[in-house]
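Everything below concerns the one structure shown next.
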């Protein structure tokens, strides 16, 4: 196999691992504390300038969950050992936006927008359900 094929296979495998990780810990809108922090950490490691929380959100947010719901999900995120606590603190009170900017000089600009929220549902525990078999159910 060529090195470029291996490179893209590695990216594909990593993205699949991320999807499964996020799927295992679903966070509803404005409660994506762990997801936003995890993504921000990796963008930072890859050389992106990272913006988070109030650096990006400066207006009224629609459908913000109540404080009890926010506290529940931030508490779950704080228990995770793989998250940078300083970055996690930037998401406080539902400021979960994250953006990474990579300056490669002149040329075309590409923007990717991705929703991070997920519904915390109880999935099938059947041996016929692929996420259950692979251990990444919500």
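Give me a count of the residues in the range 93-134 that are touching a residue at least 24 places away in the same chain (Cβ under 8 Å) and in a loop (DSSP other than H, G, I, E, B).
Qualifying residue count, the range 93-134: 12.
Which of the residues belonging to the range 99-119 are under 23 Å from residue 68 (Cα atoms) and surrounded by 13 or more Cβ atoms within 10 Å (Cβ to Cβ)?
Going residue by residue through the range 99-119, those that are under 23 Å from residue 68 (Cα atoms) are 115-119.
Selection gives 116, 117, 118.
For the range 12-65, how many residues meet the condition of being farther than 25 Å from residue 130 by Cα and outside any helix (DSSP H, G or I)?
The number of residues fulfilling the criteria is 20.
Considering every residue within the range 68-76, establish whether at least one is outside any helix (DSSP H, G or I), more than 11 Å from the chain's Cα centre (by Cα) and modelled with pLDDT of 95 or more. Reasoning before the result, please.
Applying the first criterion (outside any helix (DSSP H, G or I)) to the range 68-76 yields none.
Checked the range 68-76: no residue is outside any helix (DSSP H, G or I), more than 11 Å from the chain's Cα centre (by Cα) and modelled with pLDDT of 95 or more.
If I ask for residues that are part of a helix (DSSP H, G or I), in contact (Cβ under 8 Å) with a residue 24 or more places away in the chain and over 13 Å from the mean Cα position of the chain (by Cα), which ones from the range 79-92 would you list? Talk me through it step by step, then tell me what you get.
So the first thing to find is which residues in the range 79-92 are part of a helix (DSSP H, G or I), and the list is 85-89, 92.
Applying the additional criterion that residues be in contact (Cβ under 8 Å) with a residue 24 or more places away in the chain yields 87-88, 92.
Answer for the range 79-92, where residues must be part of a helix (DSSP H, G or I), in contact (Cβ under 8 Å) with a residue 24 or more places away in the chain and over 13 Å from the mean Cα position of the chain (by Cα): just 92.
Can you tell me which residue among 46, 30 is over 26 Å from residue 14 (Cβ atoms) and either surrounded by fewer than 15 Cβ atoms within 10 Å (Cβ to Cβ) or in contact (Cβ under 8 Å) with a residue 40 or more places away in the chain (or both)? Talk me through it step by step, then tell me what you get.
Details: 46 fails: over 26 Å from residue 14 (Cβ atoms).
Checking each option against the conditions leaves just 30.
Failed condition for residue 89, given (1) under 20 Å from residue 40 (Cβ atoms); (2) touching a helix residue (DSSP H, G or I) at 6+ places or on another chain (Cβ under 7 Å); (3) surrounded by 14 or more Cβ atoms within 10 Å (Cβ to Cβ), with all others met?
Tallying (1) under 20 Å from residue 40 (Cβ atoms); (2) touching a helix residue (DSSP H, G or I) at 6+ places or on another chain (Cβ under 7 Å); (3) surrounded by 14 or more Cβ atoms within 10 Å (Cβ to Cβ), residue 89 fails exactly one: (2).
The values are calculated or read from the model by the stated rules, or taken from the named source; none is laboratory data. Because the structure is a prediction, the values reported are computed rather than measured. Please note: Cβ atoms are built from the backbone with ideal geometry, for glycine as well, and neighbour counts cover all protein chains shown.
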